[in-house]
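I have placed the structure first, in the form of structure tokens, so that the comments after it can refer back to it.
Quick note: the coordinates plus some simple rules give every number you see, no bench work behind them. If you're wondering where the values come from, they're calculated on a predicted model, not measured in any experiment. Counting neighbours? That spans all protein chains shown, and the Cβs are built from the backbone with ideal geometry, glycine included.
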Amino acid sequence: MSTPSAGSGPVGDPEDLGVALRRAAAILAEAGVPSPRVDAELLAEHLLARQPDGGGLGGGGLGRLRALAVTGARVPEGFWDLVAERARRVPLQHLTGTAHFRRLALAVGPGVFVPRPETEGVVQVALDWIAQHFPDAVTPQPARSGSGSGQGSATPSGRGSAHDPGRSPRAARSHPTGPVVVDLGTGSGAIAASIAREAPGAVVHAVELSDLAYAWAARNLALPEVGGRVHLVRGDLRTAFRELDGTVDVVVSNPPYIPPDMVPRDPEAALHDPEMALYGGAQGGLELPLAAAVTAARLLVPGGFFVMEHAEVQAERIPEILGASPSWTHVQRHDDLNGLPRATSAVRAA
């Protein structure tokens, strides 16, 4: 994309960073990008950080970029090409190659689902349970304001209490290792990597079916912060880890769950996230989430913990199904940071 003409946005030197950011924000806003100014800044920051001298950022991130924008800094080479791609609704994370998730910067691109902030809360639910039952496994964390774990609520089945999440028999006795955790359908590896990073005492396993997503996950699970402590396999979440049956303490899953007739409104998801990572199959998208629950029941020890992300429209049905099953007790719903029902947890019945 050539440098926009003066008629394309705010008047001024088009090579001036401040002017360029204002023009880029106007272009992205016209294209319907939800956060045009921030996206323009992140694209510029990405390009500047790649320069041999760091583009004058000095590790200062967006704060430093905004300072540069008012001091006559020049727009980085390639900026307008990235703006054009973003205006075509190519995901920002594909353009920068990075998705920030909890404490990690994950590599993402075509062929893998871009992890969402809502899933950070699902990870927090799992970490909270691990911290309660395996405190030595978890790295101490600063207080989080609105962790995303949401408020638990007992389901209509009345099985269990919202204040008693169950206790793993492994946690109740002396054992040489930390909790065994399985991530079903790991995608980019976001969940597995975060648990390995924040609960370094955990033994983490992850499975992914897509060959492209598997490659991205392998890259992310090799990050120094993760330490190569996740056992990643390529396979189907429905049949994975038979060798672990009845030995797992925590199962976490963000399976494909969108109902087939509910195409995402955002072009970034509809056009760029892999279909096999989006749609949950038959029964209004419940096929794969319920399959994940069956696998979790197979893997978990009695008293083991299961938490799964799902669609808002499934927030009644999934807890209802789990609550009616003899495999589960202490079924709870969890809201995301927007107050929307985003996940369900349950404890494996004895």
Extension gain (nm, one decimal) between Glu77 and Gln283, 0.36 nm per residue minus Cα-Cα = 69.2 nm
key: Label zone at Val263, where the point sits 7 Å out along the Cα-to-Cβ direction: region 90-133 residues whose backbone N lies under 18 Å   = 90-91
ask   = For region 48-109, what is the convex hull (Cα atoms) projected area averaged across all directions, in square nanometres?
value = 5.0
note = 1/(1 + (r/R0)^6) with r = Cβ-Cβ of Asp13 and His100, R0 = 45 Å, i.e. FRET efficiency to nearest 0.05, evaluates to 0.90
query = How long are the three semi-axes of the equivalent ellipsoid for region 251-312, computed from the Cα gyration tensor as the root of 5 times each eigenvalue, in whole Å, largest first?
reply = 26, 11, 8
query = Distance in nm between label sites at Asn338 and Val294, each 7 Å beyond Cα in the beta-carbon direction?
reply = 3.1
inquiry  = Between Thr239 and Val313, what is the label-point separation in nm under the 7 Å Cα-to-beta-carbon projection?
reply    = 3.1
task = State the volume of the convex hull built on the alpha-carbon positions of region 6-88, expressed per residue in Å³ and rounded to an integer.
result = 79
query = In nm, to one decimal, how far is the Gln132 label point from the Val38 one, both placed 7 Å along Cα→Cβ?
reply = 3.1
note = Between Val180 and residues 5 or more places away or on another chain, the pairs with built amide H atoms under 5 Å apart involve Val203, Asp249, Val250
task = Taking H placed 1.01 Å from N in the peptide plane, check which residues at least 5 places from Ala206 or on another chain put their amide H under 5 Å from its amide H.
result = Asp183, His231, Leu232, Val233
note = On the formula 1/(1 + (r/R0)^6), with r taken between the Cβ atoms of Leu271 and Thr247 and R0 of 51 Å, the FRET efficiency rounded to 0.05 is 0.80
Charge tally in the Cβ shell below 13 Å around Asn338, where Lys, Arg are +1 and Asp, Glu are -1, Asn338 excluded = -3
ask   = Residue separation times 0.36 nm, minus the C-alpha to C-alpha distance between Gln51 and Ser327: what's the value?
value = 93.8 nm
query = Tell me, Kirkwood radius of region 193-236 from alpha-carbon pair distances, in Å?
reply = 10.5
